[in-house]
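The structure appears right after this line, and notes come after that.
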Amino acid sequence: MSQFWSEVVNRLTPYVPGEQPKITNLVKLNTNENPYPPSPAVLEAIHHETHANLRLYPDPNSSRLKQAIADYHQLSLDQVFVGNGSDEVLALVFQALLKHDKPLLYPDITYSFYPVYCGLYDIEAELIPLAEDFSIRIEDYQRPNGGIIFPNPNAPTGCLLPLAAVEQLLQMHPESVVVVDEAYIDFGGESAISLVSQYPNLLVIQTLSKSRSLAGLRVGFAVGQADLIVALERVKNSFNSYPLDRLAVAGATAAFADDAYFRDTCSKVIASRESLTSSLAQLGFEVLPSAANFIFARHPQRDAVQLAASLREKGIIVRHFKLPRIDQFLRISIGTEEECSALVTELTRILHS
């Protein structure tokens, strides 16, 4: 603490990102990055953008990227907002759309940035417990609220809320903004973007970090009806009118153009996830049904902290959360076939030692 800190800084509990160790030859399965590289078209587009125009500011509206997203999802340009990663988009959403007199609702086990944003922007929140099987029960959200937000698939569980249930939630709360955070939707779910034109209270957020292998480029976007997008633009232009640089816009636009590559890598991740789930089940793990590029698993006879430590000794890093109800689970990102095989081999050795 410091005498120079403002009161808001004193009371904040910052988000803790997944570890990014500076150690070579790790099997890194802790931050849900895509195990496959970006499309070659992305790398080429970025290369072509590295010229004298880097001395100039980028387009403050990122119009080329917005148009690519609109075309891809069959939307109009005024239904798209872009930002520096979905975390920045979320930060603007919390300021622009989720600060009201009634509490914001979100699951008690969910993306741990949500309570951080509530603390930063002084937003009252009410946490809604997940069911015993870690699913979201939409009937539990039938209460007064100033908005609803949840990841779909949820994080860190990987559990998916079917699109029909998302639509039912929208119908239950026509006076509230419902934000569906779809960071992992491309790995097994049906996007709520198809509902945007029908529901003025729906905002869908996605990222290029996971399914399009661009975590290092920092590009996220939101889609919704025009008045929601205008609110985000007003906040963004009161904070940082140039959030996306020229390289990010070029690379992200190219990523949407190479749909075949995107679908191929998603299919590979899904296949590896199903194979890894089966292998861990054979080792006695309970693995929650996942529609994401990670799995959430626990072993009834082994402590999760000890398992994570033993794996780390062998150069394999997974994620552990010291939180009620899930402190015996490990979140394991889906790696390449070779990385998943190394994980299974090492877990087999640990469990039989």
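See the values below:
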item	result
Residue among ALA91, ALA45 that is in contact with a Gly (Cβ under 6 Å, 6 or more places away or on another chain) and either in the same structural domain as GLN168 (by the TED database) or of a type in the set (D, E, K, R) (or both)	ALA45
Answer from PHE285, PHE294 - the residue that is in contact with a Ser or Thr (Cβ under 6 Å, 6 or more places away or on another chain) and closer than 21 Å to THR157 by Cβ	PHE294
Selected residue (criterion: nearest to VAL80 (Cα to Cα)) from residues of the range 197-234 that are crowded, with 23+ Cβ neighbours inside 10 Å and β-branched (Val, Ile, Thr)	VAL223
The range 1-17 residues that are in contact (Cβ under 8 Å) with a residue 60 or more places away in the chain, paired with ones that are part of a loop (DSSP other than H, G, I, E, B) and surrounded by fewer than 11 Cβ atoms within 10 Å (Cβ to Cβ) (beta carbon under 8 Å, 6 or more apart)	VAL8/ASP122
Subset of the range 237-264 [open to solvent by 40 Å² or more (accessible area, probe 1.4 Å), closer than 17 Å to ASN61 by Cα and assigned to a helix (DSSP H, G or I)]	ARG246, LEU247
Number of positions in the range 33-78 that are more than 18 Å from ASP227 (Cα to Cα) and basic (Lys, Arg)	2
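Table: residues versus (1) more than 24 Å from the chain's Cα centre (by Cα); (2) surrounded by fewer than 18 Cβ atoms within 10 Å (Cβ to Cβ).
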{"position": "PRO21", "(1), (2)": "no, yes"}
{"position": "ASN25", "(1), (2)": "yes, yes"}
{"position": "GLU49", "(1), (2)": "yes, no"}
{"position": "ARG55", "(1), (2)": "yes, yes"}
{"position": "ARG64", "(1), (2)": "no, yes"}
{"position": "LEU92", "(1), (2)": "no, no"}
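The values are calculated or read from the model by the stated rules, or taken from the named source; none is laboratory data. Everything numeric here is computed off the predicted structure, so don't read it as measured data. A quick note on method: Cβ atoms are made from the backbone with ideal geometry, for glycine too, and the neighbour counts reach across all protein chains shown. Surface accessibility is based on the protein's heavy atoms, side chains included, excluding ligands, DNA and RNA. Shrake-Rupley method; radii C 1.70, N 1.55, O 1.52, S 1.80 Å.
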